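Structure first, then comments.
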Amino acid sequence: MEFKNFSLFINQSKVARFTKDLAEGKIMSTVCKKCGRQYYPPQADCFSCMESEMEWKEVPREGRLLTFTRIHVPPEHFAVRQPLMPFSSVQFEPCPIGLIEVEKGLKIMGWIPKVDIKKIKVGMKMKASPFTLPDGKLTIILEPLNP
Ligand SMILES: [Zn+2]
């Protein structure tokens, strides 16, 4: 499986393992073997020390919501391949998307399906999970955890 199976058009063969692990339920990062800097989304090369010796490490899945918004113009994959926004039953109904911080400086972005946007608050605890869309592509969703 290559990166083309992620829900956005990304062709990064050096980090293609990301989607394979995502399909198995794991959200992976890369860690520089030299300086220890952790990258999510995974990077094949460390831009701190310019090393390419990286190792894979699963990221924590729970964190606090830093920010969120609604997507009114969907990414190309969603716009071209399917008429509906993901997680929306009404055409052009925007779906919230958010960013959680799971560790200091480590942030995961994901769709926030099935949650009324009025109930989404910055700082709320959320969990990130891989999710397979109806067409087989993978994405990441965020779900609120009990307060
Ligand atoms: Zn490094």
Quick check: net charge around residue 48, other residues with Cβ under 11 Å of its Cβ, Lys/Arg +1 and Asp/Glu -1? 0
Ranked by how many other beta carbons lie within 10 Å on average, peptides 64-72, 135-143 from highest: 135-143, 64-72
Calculate the spin-label point distance for residue 49 paired with residue 129, positioning each point 7 Å from the Cα along the beta-carbon direction, and give it in nanometres. 3.7
What's the ranking of 116-124, 47-55, 32-40 by average number of surrounding C-beta atoms within 10 Å, highest first? 32-40, 47-55, 116-124
If I take R0 = 35 Å and measure r between the Cβ atoms of residue 23 and residue 116 in this structure, what FRET efficiency does the formula 1/(1 + (r/R0)^6) give, to the nearest 0.05? 0.75
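Since every read-out is calculated from the coordinates, none of them should be taken as a lab result. Note that this is a predicted model, so its numbers are computed, not measured. When we count neighbours, we look across all protein chains shown, and the Cβ atoms used for this are built from the backbone with ideal geometry, even at glycine.
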